[in-house]
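For reference, the structure is listed below as structure tokens.
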Amino acid sequence: MPKPPETLYLDRLATPVGEGLLVTDNEGYLRAFDWTTHEDRMHLLLRRQNPPIALREGRAPDAIRGGLETYFAGDLGALAKIRWRTGGTAFQRSVWAALCTIPVGETVSYKRLAERIGKPNAMRAVGLANGANPVGIVVPCHRVIGSNGSLTGYGGGMDRKQWLLTHEGASFLRVAA
């Protein structure tokens, strides 16, 4: 007998860099954060990592909404208080856990992140896991940059990545306008 779909709830949040999408569960965990401009990717990641699901409109818990709102207002430590959980493979979850150890205002390279999880030659796999992170910002994939300090891909767009890192006071080579 197939497992019944888990109900998740979709909320929207205005931010300084566009409208965010928050997906939460019945237990008050953030299951996804993405941007309305990347909603299709968010749905794909949810299907891949949490099958089966039923997504319904619903307000995110105040702890999640408030945590994100205060982060964008300047309380950079607020993200660490947001409860989240994901599906994904054991390798992906190890990368996402390592992302959460990058302090606010700091960045690491894909190479350094691969070394942190004990897989120094897995830079490309780390990059793929980073790109499959369903809980952007809270699991801070935006803090990963190139070995030379340059900005590299970000699922939410390079302008947002640059804004987030600037907001957090991180050093990086800026994208030319």
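The values are calculated or read from the model by the stated rules, or taken from the named source; none is laboratory data. Given the structure is predicted, the values throughout are model-derived calculations rather than measurements. Here Cβ is always computed from backbone atoms with ideal geometry, including for glycine, and neighbour counts include all displayed protein chains. Heavy atoms of the whole protein, side chains included, go into the accessibility calculation; ligands, DNA and RNA do not. Shrake-Rupley method; radii C 1.70, N 1.55, O 1.52, S 1.80 Å.
What to note about this one:
- Acute angle (nearest 10 degrees) that the helix 90-99 long axis makes with the longest principal axis of the chain, alpha-carbon atoms: 60
- Checking the Cα-Cα distances for 3/161; 111/161; 81/111 against a 30 Å cut-off, the pairs over it are 3/161.
- Sequence-distant residues sharing a close amide H with residue 30 (under 5 Å, placed H): 83, 84, 85
- Cα Rg over Rh - region 97-158, Kirkwood: 0.91
- Net charge of the neighbourhood of residue 23, taken over other residues with C-beta under 9 Å away and scored Lys/Arg +1, Asp/Glu -1, is -2.
- Counting only protein heavy atoms and a 1.4 Å probe, the chain has 49 square angstrom of accessible area per residue.
- Evaluated with a Cβ-only charge set (Lys, Arg +1; Asp, Glu -1), region 1-75 carries a dipole of roughly 320 debye about its Cα centre, given to the nearest 20.
- Per residue, the chain reaches -9500 deg cm²/dmol at 222 nm when only DSSP H runs of four or more residues are counted, each adding -39500 (n - 2.57).
- Of the residues 165, 72, 49, the one whose Cα sits farthest towards the positive end of the charge dipole of the chain is 49 (charges of +1 on Lys and Arg Cβ, -1 on Asp and Glu Cβ, taken about the Cα centre).
- Highest mean first, the peptides 118-130, 3-15 sorted by other C-beta atoms within 10 Å per residue fall in the order 118-130, 3-15.
- In terms of its Cα atoms, region 52-117 spans 39, 36, 14 Å along the principal axes, sorted from long to short.
- Size descriptor, Kirkwood hydrodynamic radius, that averages inverse alpha-carbon separations across region 11-91, Å: 13.2
- Carbon/sulfur fraction of accessible area - region 36-89, other protein chains in place, 1.4 Å, %: 52
- Ratio of Rg to Rh for the chain: 0.96 [Cα atoms; Kirkwood radius as inverse mean 1/r over pairs].
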